[in-house]
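Take a look at the structure set out below.
The values are calculated or read from the model by the stated rules, or taken from the named source; none is laboratory data. Keep in mind that this is a model prediction, so the values were computed, not measured. Cβ coordinates were reconstructed from backbone atoms using ideal geometry, including for glycine residues, and neighbour counts include every protein chain displayed. These area figures cover heavy atoms from the full protein model, side chains too; ligands, DNA and RNA do not enter into them. Shrake-Rupley method; radii C 1.70, N 1.55, O 1.52, S 1.80 Å.
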Amino acid sequence: MKGRPEGLPAEVEARPVVLEIRDMTHFFGNLRAVHNFNLTLKHGELAGLIGPNGAGKTTVFNLITGVYVPTEGEIFFRGVNITGLPSFEIIQMGIARTFQNIRLFSNLSVLDNVRIAYHPHAGYSLWDTIVRNRHFQAKEAELTERAQEFLAIFGLEERQNDIAGSLPYGLQRRLEIARALATRPQLLILDEPAAGMNPQEIDQLMELIHFIRERFDLTILLVEHRMRLVMNICEWLTVMDFGEIIAQGLPQEVRDNPRVVEAYLGRQAVEIK
Amino acid sequence: MLSKFKGETLYFILFSLVLFVVVQFFIGAGIVNNFWQGIIFWGAAITMVTLGLNLIYGFNGQFSLGQYGFYAIGAYASADITYRWVHGDASGLAVVVFGSILALLLYALVAAGLRRFYNVSTMTKFTAYTLATILAFWVVAGPLQSTLTSFVMGTVGGLSAGMAKEIVFFFALLGGAMLAGIASFLFGIPVLELGSDYFGIATLGFTIIIKVLLDNTDTILGFPEMKGARGMIGIPKWTTWPWVFVSFIFVVVVMRNLLHSSTGRAILSVREDERAATLVGIDVASVKILAFVVGSFFAGLAGGIRAHDLAFLHPQSFNFIQSFNPLIIVVLGGLGSMTGTILTGFLWIILLEGALRLYLPAGFETWRFVVYPLILLLMMLLRPEGLFGQYELPFLRRPLPAPRKKQAAKEVAQ
């Protein structure tokens with residue numbers, strides 16, 4: 001199958017396809033940011049996307065989530081063509097993402113950050129809102145309760161009324177992931193979740209990623225620079241350079257691939273090796 | 001029955017009732033003279049306009065200079081309705097109210113129709129809604145006008161004069177506000193797509209266009225009774241304290257209920273980070289339009305109140321220099337603070353239009369536009385978050401949900 005490495009277990013190959021990107025190309029003006037990109041993710045996988053700075057990884061994420069519309073190619077999410085749909089619809093269909101630099105609603109409370117993600121499922125109309133009827137009260141209480149349960153899962157319940165911007169960095173990242181999961185995704189896209197974290201925080205992050213994957217039955221795609229994280233948790237990797245895929249394979253294979261070494265360290269490094 | 005309200009809501013109801021009775025008594029007993037009554041009504045109108053702006057700018061983050069344009073639309077539309085009514089013509093009421101209602105129905109149809117298409121561009125949407133509006137008002141003002149007018153005459157005209165007056169005034173206020181809302185909706189579809197600064201410039205343009213149109217109401221628009229740049233006279237003086245009070249409380253309660261809900265949180269999230277809001281599944285374009293339309297509706301309502309208190313409208317009072325007034329008030333009171341806007345709005349009118357006008361020498365008026373910017377400048381330097389910052393009265397404060405009980409938390413964790 002296109003967009004996947006060979007040699008993954010047959011049990012994994014038998015699962016349904018969650019995300020399929022076919023021959024995606026994207027231009028910024030005359031600059032070809034992504035070229036002929038193919039990727040297929042199956043249910044429950046945890047795959048990584050790596051590459052040197054400027055390789056086009058974040059652009060791929062922005063293309064998947066509808067921030068940009070690809071110049072060529074198509075994106076399918078669970079069999080539905082989502083190419084060109086507005087971002088908020090793509091999110092409501094079940095793709096969630098976090099950002100390279102954390103983007104919380106930093107002047108709002110921790111609880112409100114999560115409740116905002118529940119907005120499409122609030123279940124009351126504008127009329128209910130303005131007249132504050134019983135239906136509104138019940139749904140609002142239910143929504144708050146669910147958001148609080150959610151925070152409890154992430155150990156943020158004690159801080160529900162704190163201002164999000166005042167949390168320490170590690171907790172902000174945790175909250176951002178919680179907020180993304182509150183949109184009820186099936187596919188979670190993490191853009192450099194470990195950026196700016198110390199080794200201890202990275203360990204906690206890895207635990208968290210494993211935990212949410214089990215708990216919410218997620219498929220996860222992540223971009224990361226930290227090799228320790230990538231090699232430890234990703235089942236397989238896609239390596240990009242200058243907008244093109246230069247390798248797709250298991251972490252061990254990718255590490256030994258001369259093209260990957262060249263992309264990261266230069267041609268001389270390959271010759272030395 | 002009262003027990004279903006929370007403490008702060010009870011206090012709010014009690015306080016407003018006391019306020020209503022006290023002011024009504026003062027006006028009735030003649031302690032508050034006509035001048036000060038006008039100042040109070042004016043203060044309420046300006047505060048309503050400014051609350052609308054605070055919703056658009058302070059809570060939703062869209063820097064707008066168009067608020068006075070919608071204020072003008074509301075004022076002129078409602079004034080025209082009642083002017084015609086007192087001259088024995090119900091067509092103003094019939095066209096504005098039924099036209100707006102028909103337009104809203106057509107919008108629902110257009111929205112349902114557009115949803116079937118994939119990737120509709122903004123200009124297509126704008127064109128569709130504009131055509132629907134034109135169709136609605138054309139139908140009501142053209143073929144159906146005589147039927148609707150005689151229907152209104154038949155129903156309202158049969159009542160006693162006092163009763164009919166109040167009903168017509170209600171629909172005049174509603175019609176003016178709806179028209180302002182419709183104008184903001186159509187204007188907002190293409191323009192809210194712009195980033196914040198560009199949006200500000202576009203809304204400034206809107207205010208200028210409205211002012212120029214008002215200058216030419218009698219010639220270009222064909223409303224001879226509005227008398228263009230000479231100013232509209234002969235508007236019935238129907239605004240009374242109960243009307244001011246009810247409209248004001250309506251604006252405060254609707255805005256508060258809207259903000260303290262999921263929609264309100266969505267409005268705030270757009271201010272905080274538009275991109276992040278989109279990427280947690282919020283339809284940013286609709287949220288912006290909603291805040292803009294509701295804010296303009298408030299301005300239109302305030303316009304009706306003001307027009308029927310002053311009994312005189314002049315395009316010059318809606319020029320773009322004036323449109324900075326609500327902006328200054330909202331910044332002084334604190335962006336995103338309803339309490340700040342309410343107190344500052346009243347203080348602004350009571351001090352600058354009331355007290356200072358009475359007690360300072362006549363030359364002060366000339367200096368006003370030196371004083372305003374100075375106040376603003378000092379404010380920016382000394383207290384950039386506004387007089388009240390994020391402070392809210394208990395009734396207007398965002399509720400802080402209590403933490404769940406420990407037991408439940410444990411169950412979930414397992």
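Can you give me the distance in nm between label points at residue B:29 and residue A:81, each placed 7 Å from the Cα along the Cα-to-Cβ direction?
A separation of 7.7 nm, rounded to one decimal place.
Estimate the FRET efficiency between residue A:89 and residue B:220 by the formula 1/(1 + (r/R0)^6), using the beta-carbon distance for r and 45 Å for R0, to the nearest 0.05.
Numbers: r = 43 Å, r/R0 = 0.95.
It comes to 0.60.
Taking chain A as a Gaussian network, where each spring joins two C-alpha atoms under 10 Å apart, which residue of A:206, A:227, A:240 fluctuates the most?
The residue with the greatest mean-square fluctuation here is A:227.
Pop the C-beta distance of residue A:27 and residue B:121 into the FRET formula with R0 = 30 Å and round what comes out to the nearest 0.05. Mind showing how you got there, number by number?
Numbers: r = 21 Å, r/R0 = 0.69.
Computed FRET efficiency for residue A:27 and residue B:121 comes out at 0.90.
Can you find, among B:120, B:359, B:94, the residue sitting farthest towards the positive end of the charge dipole of the protein assembly as shown, where Lys and Arg contribute +1 and Asp and Glu -1 at Cβ?
After comparing all options, I get B:359.
Give the longest segment of chain B that steers clear of trypsin sites (Lys or Arg not before Pro) in DSSP loops with at most 16 neighbouring Cβ atoms within 10 Å, not counting the sites themselves. Don't skip to the end; give the middle numbers.
On the way: sites that count: B:6, B:116, B:227, B:237, B:397, B:405.
With a cap of 16 other Cβ atoms within 10 Å, the longest stretch comes to B:238-396.
Highest GNM mean-square fluctuation, chain B, Cα pairs closer than 10 Å: which of B:309, B:273, B:215?
Of B:309, B:273, B:215, the Gaussian network model singles out B:273 as fluctuating most.
Hey, got the average number of other protein chain Cβ atoms within 10 angstrom for residues in B:118-125? Can you show the working numbers first?
Numbers: counts 2, 5, 0, 0, 0, 0, 0, 0.
Taking the mean over all residues of the peptide, I get 1.
Could you work out the helix-only [θ] at 222 nm for chain B, with each DSSP H run of four or more residues adding -39,500 (n - 2.57) and the total divided by the number of residues, to the nearest 500 deg cm²/dmol?
Values: 17 runs with 277 residues, N = 414.
That calculation yields -22500 deg cm²/dmol at 222 nm.
From the Cα trace of region A:105-184, what convex hull volume per residue do you get, rounded to a whole Å³?
On the way: hull volume 6.8 nm³, N = 80.
It is 85 Å³ per residue.
Once you have the Kirkwood Rh of the protein assembly as shown from its Cα pairs, apply Stokes-Einstein at 25 °C and 0.890 mPa s and quote D in µm²/s. Write down the numbers at each step before the final one.
Working: Rh = 28.2 Å.
Using the Kirkwood radius from Cα pairs, D works out to 87 µm²/s.
How much length, in nm to one decimal, is gained on full extension between residue B:130 and residue B:390, taken as 0.36 nm per residue of separation minus their Cα-Cα distance?
89.8 nm
By the gyration tensor of its Cα atoms, with a ≥ b ≥ c the square roots of the eigenvalues, what is the shape of chain B: rounded for a/c under 1.5, prolate for a/b over b/c, or oblate? Mind showing how you got there, number by number?
Working: a/c = 1.39, a/b = 1.12, b/c = 1.24.
Rounded is the answer for chain B, as its axis ratio a/c remains below 1.5.
For residue A:12 and residue A:72 in the same chain, what is the full-extension length gain: residue separation times 0.36 nm, less their Cα-Cα distance, in nm?
Details: separation 60, 0.36 × 60 = 21.60 nm, distance 2.90 nm.
Here the segment from residue A:12 to residue A:72 would lengthen by 18.7 nm.
Enter the angle in degrees (range 0 to 90, nearest 10) between the Cα long axis of helix A:134-153 and the first principal axis of the Cα atoms of chain A, meaning the one along which they spread out most.
40 degrees
Among B:6/B:165; A:42/B:125; B:125/B:288; A:139/B:6, which pairs are too far apart, with a Cα-Cα distance over 27 Å? Please list the in-between numbers first.
Values: B:6/B:165 37 Å; A:42/B:125 38 Å; B:125/B:288 15 Å; A:139/B:6 18 Å.
B:6/B:165; A:42/B:125, as the Cα separations exceed 27 Å there.
Could you give the nm distance between label points at residue A:141 and residue B:400, where each point is 7 Å from its Cα heading toward the beta carbon?
About 2.2 nm, to one decimal.
When only C-alpha pairs under 8 Å and at least 6 residues apart count, what is the relative contact order of chain A, in percent?
Working: 468 pairs, mean separation 70.8, N = 273.
Worked out over chain A, it gives 26 percent.
For the pair residue A:242 and residue A:195, what calculated FRET efficiency results from E = 1/(1 + (r/R0)^6), where r is the Cβ-Cβ distance and R0 = 22 Å, to the nearest 0.05? Intermediate results must be reported in sequence, preceding the final value.
Details: r = 22 Å, r/R0 = 0.99.
Result of the calculation: an efficiency of 0.50.
For the interface of chains B and A, what total accessible area is buried with a 1.4 Å probe, rounded to the nearest 100 Å²?
On the way: alone 20460 and 13370 Å², together 30250 Å².
Summed over both sides, the interface buries about 3600 Å².
How well do other chains shield peptide A:109-115, expressed as the mean number of their Cβ atoms within 10 Å of each residue Cβ? Provide the component values of the computation, followed by the final result.
Working: counts 4, 0, 4, 8, 5, 1, 5.
If you average over the peptide's residues, the count of other-chain Cβ atoms is 4.
Counting only other chains, and only Cβ atoms inside 10 Å, what mean value do you get across the residues of A:82-90? Don't skip to the answer; put the middle values down first.
Values: counts 0, 1, 2, 2, 5, 9, 11, 2, 3.
That average works out to 4.
What residue among B:386, B:30, B:38 has the largest mean-square fluctuation in a Gaussian network model of chain B, using Cα springs under 10 Å?
Between B:386, B:30, B:38, it is B:30 that shows the largest mean-square fluctuation.
In Å, what Kirkwood hydrodynamic radius results for chain A from the alpha-carbon pair distances? Please list the in-between numbers first.
Details: mean 1/r = 0.0503 Å⁻¹.
Its Kirkwood hydrodynamic radius stands at 19.9 Å.
Pull out the extension gain between residue B:114 and residue B:366, defined as 0.36 nm times the separation in residues minus the alpha carbon to alpha carbon distance; nm, one decimal. Before the final figure, lay out each step's value.
Details: separation 252, 0.36 × 252 = 90.72 nm, distance 5.26 nm.
My answer for the length gained is 85.5 nm.
Any idea of the accessible area per residue across the protein assembly as shown, 1.4 Å probe, to the nearest Å²?
44 Å²
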